[in-house]
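Written out below as structure tokens is the structure these notes cover.
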Amino acid sequence: MANSSRAPGRSRRLRAALVVSAAVGLLATAGAVVLPGSASAASTLGASAAERGRYFGTAVAVSRLNDSAYTTILNREFNQVTAENEMKIDALQPNQGQFNYGNADRLVQHARSQGMLVRGHTLAWHSQQPGWMQNMSGTTLRNAMLNHVTQVATHFRGQIEWWDVVNEAFADGGSGARRDSNLQRTGNDWIEAAFRAARQADPNADLCYNDYNIDNWSDAKTQAVYRMVQDFKSRGVPIDCVGLQSHFTGGSNYPSNYRTTLSSFAALGVDVHITELDIRNAPSDAYRNVVNDCLAVARCKGITVWGIRDSDSWRSSENPLLFNGSGQKKPAYDAVLAALNNGTTPPTGNPTTPPPTGNPTTPPPGGGCTATVTPGQVWGDRYNTSVTVSGASTWSVVVAITPPQRISSTWSGSPTWDSSGNVMTMRSNGSGNTFGFTTMMNGNSSARPQIRSCTAG
Ligand code: XIL
């Protein structure tokens, strides 16, 4: 977050956009039993990643949101989503000047309703261009590309945590050169022009360069991307992060120096993201290594797998994902969850003693359940809370936050918000009786969430 070109507090404001904001006074604690100490091992990928200050996400095909088996896993396990195809150029601007946001908006709405963060993918790319753009060149293409970046980033302003501004702009092999494409032929500065347009259109989103085969630190392509990011940082081109697709499918493998790659990019002053992970035959060891490598690098913000079930994968014949075609957890799932749960506390920020304010009081009468608060990890700018419900298997729990604090993400429940944005009603969604959330302090480091009620049913 030490980027001179970034607006102060940008990310905080963006995360706050996940909730509707306004003010609510300090509320009396009711129905909460506050326990010291940390939560027990989390039982879902998103919850466990959040306890370590990370996200665990998946690519989503919007058409599959109608498949309840799919959506059940999505809502239970993941706290971040990337549109698999629905935010690509051909999907959003099928005809020049005619934008089609329906499917993408549907995914964003779903994510918001579940407290999931959204990665925008992707604003400028040589592939999946609409026919009209494929046929363009020169200044006409450059302007059309910049207009697309501006229009799309403006449309989604406030809803996108990270944009893959430019995707796959480097060539494979040993050349270290840019990939030839119609965009590249508009001039070598097309990438930085896209980043500048994106920053202007949505100053609150983090802007990423995303590519595949940049996992092995020794590869010429990795080194070439590294040098571009280094150059952008030195010249003040607005870039906040690098996405490593990490498709260890299609003939690519997890490299033993992967952690070096992550930490080397991070040392340039950008965050790193593992954006499209899949691994041929889903070996537990490689999945575990990827998780451990991310957890070892403070600026590795999270992991996104490229689909939920093997049958959802773009490379389904390689069975590369964490759930089988029937939606059952594979051994790699258990390895990933265990690695997340075993992960040390996040190296970012400065863990402090959680100072829950307010006294535990007796649960309010008549609710039919009890909500027990367990304070979680605390960082310099945010903290986690988990809440366990007893006495009912379906329930809704009302949680109030003291502004300017804001809940930035949630897991293992379905949240809705009052008009102030400071009161969240979390309903059970079939993923157990413990839910959790991350709260941004926004300058108030002492207040803690208050449970207002727990209602069975
Ligand atoms: C893939 C999708 O998974 C497929 O459904 C589509 O047919 C092609 O694109 N790198 C990327 C992703 O950045 O957008 C690609 O997604 C996979 C490779």
Only residues that are assigned to a loop (DSSP other than H, G, I, E, B) and either touching a residue at least 60 places away in the same chain (Cβ under 8 Å) or surrounded by fewer than 24 Cβ atoms within 10 Å (Cβ to Cβ) (or both): list them for the range 195-209, please. Pro203, Asn204, Ala205
When you scan the range 279-287, do you find a residue that is at pLDDT 95 or above, surrounded by 18 or more Cβ atoms within 10 Å (Cβ to Cβ) and assigned to a helix (DSSP H, G or I), even just one? yes
Which ones in the range 58-72 are more than 14 Å from the ligand (Cβ to nearest atom) and either buried (at least 24 other Cβ atoms within 10 Å of the Cβ) or among the acidic types (Asp, Glu) (or both)? Asp67
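Residue by residue, here is whether (1) touching a strand residue (DSSP E or B) at 6+ places or on another chain (Cβ under 9 Å); (2) on the phi > 0 side of the Ramachandran plot; (3) assigned to a loop (DSSP other than H, G, I, E, B) holds:
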site	(1), (2), (3)
Gly243	yes, no, no
Ser263	yes, no, no
Gly269	no, yes, yes
Ile274	yes, no, no
Asn292	no, no, no
Gly307	yes, yes, yes
Take Ser419 and decide whether it is farther than 23 Å from Asp381 by Cα, over 20 Å from the mean Cα position of the chain (by Cα) and either in a strand (DSSP E or B) or of a type in the set (Lys, Arg) (or both). no
Determine whether the range 407-417 contains at least one residue that is touching a residue at least 24 places away in the same chain (Cβ under 8 Å) and over 21 Å from Ala50 (Cα atoms). no
Tally of residues being over 10 Å from Ile160 (Cα atoms), within 15 Å of the ligand (Cβ to nearest atom) and either of a type in the set (Lys, Arg) or touching a helix residue (DSSP H, G or I) at 6+ places or on another chain (Cβ under 7 Å) (or both) across the range 119-136: 6
So, Asn79, is that one under 20 Å from Phe437 (Cα atoms) and at pLDDT 95 or above or not? yes
Hey, Asn216 hits all of (1) over 18 Å from Asp164 (Cα atoms); (2) surrounded by fewer than 17 Cβ atoms within 10 Å (Cβ to Cβ); (3) of a type in the set (S, T, N, Q) but one; which does it fall short on? (2)
Look through the range 228-279, keep the residues that are of a type in the set (Ser, Thr, Tyr) and away from the ligand (no atom under 16 Å from the Cβ), and return whichever of them is farthest from Thr58 (Cα to Cα). Ser234
Conditions (1) surrounded by 20 or more Cβ atoms within 10 Å (Cβ to Cβ); (2) touching a strand residue (DSSP E or B) at 6+ places or on another chain (Cβ under 9 Å): number failed by Gln184: (1)
Can you tell me which residues in the range 288-321 are aliphatic (A, V, I, L, M) and either in contact with a His (Cβ under 9 Å, 6 or more places away or on another chain) or away from the ligand (no atom under 16 Å from the Cβ) (or both)? Val290, Val291, Leu295, Ala296, Val297, Ala298, Ile303
Quick one: which of Met116, Met87 is in contact with a strand residue (DSSP E or B) (Cβ under 9 Å, 6 or more places away or on another chain) and away from the ligand (no atom under 12 Å from the Cβ)? Met116
Which one is nearest to the ligand (Cβ to nearest atom), of the residues in the range 153-174 that are part of a helix (DSSP H, G or I) and more than 27 Å from Tyr226 (Cα to Cα)? His155
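The values are calculated or read from the model by the stated rules, or taken from the named source; none is laboratory data. These numbers come from a predicted model, not from an experiment. Backbone-built Cβ (ideal geometry, glycine too); neighbour counts: all protein chains shown.
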